[in-house]
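As structure tokens, the structure follows; a few thoughts come after it.
Every read-out reported here was derived from the displayed coordinates using simple, explicitly stated rules and does not represent laboratory data. Fair warning: this is a prediction, and the values are worked out from it, not measured in the lab. Ideal geometry is used to build each Cβ from the backbone, glycine not excepted, and the neighbour counts take in all protein chains shown.
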Amino acid sequence: VLNFGPFGLAVETTFKTKANYSDCSFLVDDYPISKISLHLTRQTANITGRFISAFSIVGDSLDAESALSIKKLNGILSDATASLIADSQLRERFRLKVLEFKDLFLRLQNDINSFSIDTFSNELSYVANFEDQITLRVSDYFSKMLSPIYDQIKEAIEGLPPKELNKYFDYFRKNVGEIMYQSAYAHRAFHKPKGYAGDYEMMNHVYNRELRGNTLFAKCLQRYFVDEPAGRAVRSRESYLRNKIKQCLTDFRGEDIIRIFSVASGPAIEIQNLFSEKDFDTKKVEIHLLDQDLDALKHSQRKITQLAILHGKAVNLHLHNLTIRNVITEGLPLKE
């Protein structure tokens with residue numbers, strides 16, 4: 001069958017059709033869909049010597065929608081069988097640990113989402129405090145419970161050649177991914193809407209620690225991810241860097257112009273926070289931000305300008321939409 005619809009179809013055969021009318025069964029991958037009556041309307045031979053025949057369907061029309069659905073369903077069932085066979089070849093201990101992990105998450109998801117709070121009747125501060133307390137407690141639980149499970153999963157795949165590991169990663173994501181990706185941070189880290197991990201919006205998740213999520217459980221996951229050691233290290237780095245900049249500004253106080261240049265600046269949170277500090281004098285400060293993402297530069301410009309206006313500070317800000325490759329091969333637009 002080359003193509004079909006409710007009222008006709010076209011077939012390719014090795015023989016010439018002799019009868020003008022014929023009754024037949026319409027099958028999809030050997031699965032019977034319906035009985036149909038055909039009337040031959042046109043027949044031609046192609047260059048390979050095969051025959052293309054066009055038929056109109058007389059009487060009851062063909063349920064084309066069911067046929068297409070069965071075709072799609074057969075593909076789904078075939079993929080499911082292939083996936084089952086592939087999964088059975090993975091190490092049993094690994095599969096068991098992943099499924100235990102999944103079971104824990106599903107039970108917690110159902111139980112935590114059963115907590116109800118009327119977000120319309122209660123004050124925003126009350127709702128925020130409620131969610132803060134719940135997510136902190138669950139995040140702490142995750143930190144203590146998940147590390148041993150991660151270690152057990154890691155042990156279960158120890159010694160595998162690198163080319164085999166992707167099968168195990170796929171199995172983990174298939175079973176746990178969509179649960180974990182309820183966290184806005186984890187979702188962005190995996191799906192990479194900007195094409196790479198660590199874009200400015202992902203960094204904002206870590207810096208701002210906002211409880212983003214459609215459910216209470218999703219917000220618990222978000223709190224867990226942004227408060228893990230890696231997230232805390234990012235926030236500590238910002239504080240460390242900001243203090244270093246302030247020390248440099250103190251050391252070079254006599255200079256006419258002090259230039260701050262941030263490479264791969266992202267949201268430039270350390271600059272934002274500097275503009276929020278009372279003792280940060282911006283009169284002699286010239287700030288340059290370089291990032292390959294134009295949206296990151298626009299975001300930083302908007303935030304820094306808003307803070308400058310809010311705190312009555314001068315702002316001398318220059319934006320450079322360049323990649324690191326540009327800098328290495330062509331240098332910077334400014335030579336100072």
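Derived value for region 131-215: Kirkwood hydrodynamic radius 15.0 Å. Basis is the mean of 1/r over every pair of different alpha-carbon atoms.
What does the charge dipole of region 58-208 about its Cα centre add up to, to the nearest 20 debye, if the Cβ of each Lys and Arg holds +1 and the Cβ of each Asp and Glu holds -1? Can you show the working numbers first?
Working: 18 positive and 22 negative charges, 129 e Å.
With Lys and Arg at +1 and Asp and Glu at -1, about 620 debye.
Rounded to the nearest 0.05, what FRET efficiency is calculated for residue 99 and residue 256 with R0 set to 56 Å and r the Cβ-Cβ distance? Step by step, r from the Cβ atoms, then E = 0.30. Normalised by residue number, the volume inside the convex hull of the Cα atoms of region 164-291 is 133 Å³ per residue. A P(r) calculated from all alpha carbon pairs of region 276-329, with 5 Å bins opening at zero, reads 4, 18, 25, 21, 14, 10, 6, 2 percent. Which whole-number percent gives the relative contact order of the chain, counting Cα pairs below 8 Å spaced six or more residues apart? With pairs under 8 Å counted, the relative contact order is 10 percent. What are the trypsin sites (Lys or Arg not before Pro) within region 277-336 that DSSP puts in a loop, where the Cβ has at most 10 other Cβ atoms within 10 Å? Qualifying residues, ordered by number: 278, 283, 335. For region 27-43, putting each phi into the Karplus relation 6.51 cos²θ - 1.76 cosθ + 1.60 with θ = phi - 60° gives couplings of 10, 10, 6, 6, 9, x, 9, 6, 8, 9, 10, 10, 10, 5, 10, 6, 8 Hz, in residue order, rounded to whole numbers and with x for Gly and Pro. Values of log10 I(q)/I(0) for the chain across q = 0.16 Å⁻¹ run -1.30, by the Debye formula with one identical scatterer at each alpha carbon and no solvent.
Label-to-label distance, residue 126 versus residue 165, with points set 7 angstrom from Cα along the beta-carbon direction: 5.0 nm.
Rounded to the nearest 0.05, what FRET efficiency do residue 92 and residue 196 have when you use their Cβ-Cβ distance and R0 = 35 Å? Mind dumping the intermediate values first?
Numbers: r = 36 Å, r/R0 = 1.03.
Plugging the Cβ-Cβ distance into 1/(1 + (r/R0)^6) gives 0.45.
The distance linking region 310-336 with region 182-227 is 28 Å (Cα centroid to Cα centroid, whole angstrom).
A simple rule links phi to the HN-Hα coupling: the Karplus curve 6.51 cos²θ - 1.76 cosθ + 1.60 with θ = phi - 60°, which for region 129-145 gives 5, 4, 5, 5, 5, 5, 5, 5, 5, 5, 4, 5, 5, 4, 4, 7, 8 Hz, with x for Gly and Pro. In whole angstrom, how far apart do the alpha carbon centroids of region 82-145 and region 232-278 sit? Each part reduced to its Cα centre gives a spacing of 38 Å.
Its Kirkwood hydrodynamic radius, worked out from the mean inverse distance over all distinct Cα pairs, puts region 50-129 at 19.2 Å.
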